[in-house]
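Student: I'd like to ask you about the structure that follows.
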Amino acid sequence: MALRSTTLPFITLLLFAYVGVSTFAFITSTKSFKQPLSPLPRLPTTITTTLLAHGHLQAALQLIHDTHSSISSVPSDQYHPPSPALEVHRASLPDPDVVDTTGTGEKVSFGAQHTKKHTGPSVTSYLEISLPTKSGISLHDITPQLRQAVRESGVVEGWVHIVSRHTTTAVTINECESRLMDDIRQFLLKLAPPQYPYLHNDIHLRPASEEDKRRVAAGGEWESVEEWRAQEPQNCHAHLLSMLLGNTLVVPVSGGKLKIGRWQSVMMVELDGERERTVGIQVVGYE
C-alpha cells in the first residue's frame, strides 16, 4: 500500500536525523582508537542528503543500510577507509559535467569545453582610458581599447576587469547596433524618467547632513556651499540607472583574446553627459 503524502515528510525528517546521529557516532568511535579521519566517512551523509533532496527515498534507505553494515562488520582496529560499498555509491552519482538542460532527460556533456593550459609568469597591467561623451544618455564601444590592452599586456590566459569610475556611468555587454542604441536610450529614460521629483534633485536642500557637508568641503574645489550648488546637476535618474546597469565587468581572456561572442561589445554607458569620462582597465593573467 502506498505511503500517505503526510507520512513521507515525517520519514524523510527521521532519515536526516538518523544520518546525523550515525555520522556523529562514527566520528566519535574513530577518534576513540586514534584512527586518522578520512573525508570519505562523511561521504554517506552527503550522498544520502542529495538522494533525499531529489526524492530518491529507496536509494537513501539502501545506502544507510549498506554503510551501517560495512562499518559495523569491521573491528575498529582494522578499519581502513574507503569502503568498497561507498565507492560503488559514489560512482553511481551523476557526472557533474553532464547536465540535463531540457528537463526531458536529455543529457549534454560540457567536459570537452574545459581547458587547462600550462602558462608562463603572472602579469598584472592597469591603465585608464578617457572618453568624451555626448549630452544625455549615450553608449560608447570600448572593445577595441580592451583588445589593445590585452595585446600590450602580453597576457595569454586570464581576464580583464573593467570599472567605470563615476557614479553616473555604467559598463555593459551587448550588441553595438545604432537602432538598438536608440531603443536602449528610450528604454532607460522610461525606466528612470529625468523629470520625476527625486529628493536628490532638490539642490537647494543639499547638503542635508553633516556628512554631506564634510564631503563637499573635502572636494576643495568650491569656496562656498552656494558655489557647489550652482554647479551641481539634477541627475538622480542617472545615479539610479548606474546602479541598475552596474559599474564593473569581468571578461575572460584565452589564447590572448577576449572571449566574448560574435555580436557582443563591451560598452561604457554615459547617463549624464556631456562630460569627460574615465574607464579603468586591469588585465590579469599569465603570459
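Student: Please go through region 228-260 and give me each residue that is within 30 Å of LEU205 (Cβ to Cβ), touching a residue at least 24 places away in the same chain (Cβ under 8 Å) and of a type in the set (A, V, I, L, M), ordered by number.
Tutor: Answer for region 228-260, where residues must be within 30 Å of LEU205 (Cβ to Cβ), touching a residue at least 24 places away in the same chain (Cβ under 8 Å) and of a type in the set (A, V, I, L, M): ALA238, LEU240, LEU241, LEU244, LEU245.
Student: Something else: Among the residues in region 228-237, are any charged (D, E, K, R) and assigned to a helix (DSSP H, G or I)?
Tutor: Looking for residues that are charged (D, E, K, R) and assigned to a helix (DSSP H, G or I), one finds at least one in region 228-237, hence yes.
Student: Further question: Do we find that VAL216 is in a helix (DSSP H, G or I) and touching a Phe, Trp or Tyr at 6+ places or on another chain (Cβ under 8 Å) in this structure?
Tutor: Working: in a helix (DSSP H, G or I): yes; touching a Phe, Trp or Tyr at 6+ places or on another chain (Cβ under 8 Å): yes.
When the stated conditions are applied, VAL216 passes them.
Student: On to the next question. Among the residues of region 150-184, which ones are outside any helix (DSSP H, G or I) and among the aliphatic types (A, V, I, L, M)?
Tutor: VAL155, VAL156, VAL160, ILE162, VAL163, ALA170, VAL171, ILE173
Student: I'm told LEU188 meets every condition in (1) part of a helix (DSSP H, G or I); (2) of a type outside the set (Lys, Arg); (3) in contact with a Cys (Cβ under 9 Å, 6 or more places away or on another chain) except one. Can you identify the failing condition by its number?
Tutor: Going through the list (1) part of a helix (DSSP H, G or I); (2) of a type outside the set (Lys, Arg); (3) in contact with a Cys (Cβ under 9 Å, 6 or more places away or on another chain), LEU188 breaks only (3).
Student: Collect the residues in region 256-273 that are at pLDDT 95 or above and either among the small types (Gly, Ala, Ser) or not in a loop (DSSP other than H, G, I, E, B) (or both), keeping them in residue-number order.
Tutor: In the first step, residues of region 256-273 are kept if they are at pLDDT 95 or above; the result is 256-272.
The answer is GLY256, LYS257, LEU258, GLY261, SER265, VAL266, MET267, MET268, VAL269, GLU270, LEU271, ASP272.
Student: For region 173-218, how many residues meet the condition of being under 29 Å from the mean Cα position of the chain (by Cα) and among the charged types (D, E, K, R)?
Tutor: Here the count works out to 5.
Student: Of the residues that make up region 241-248, is at least one assigned by TED's automatic domain parsing to the domain that holds ARG147 and at pLDDT below 95?
Tutor: no
The values are calculated or read from the model by the stated rules, or taken from the named source; none is laboratory data. What you are looking at is a predicted structure, and each value in this text was computed from that prediction instead of being measured. A quick note on method: Cβ atoms are made from the backbone with ideal geometry, for glycine too, and the neighbour counts reach across all protein chains shown.
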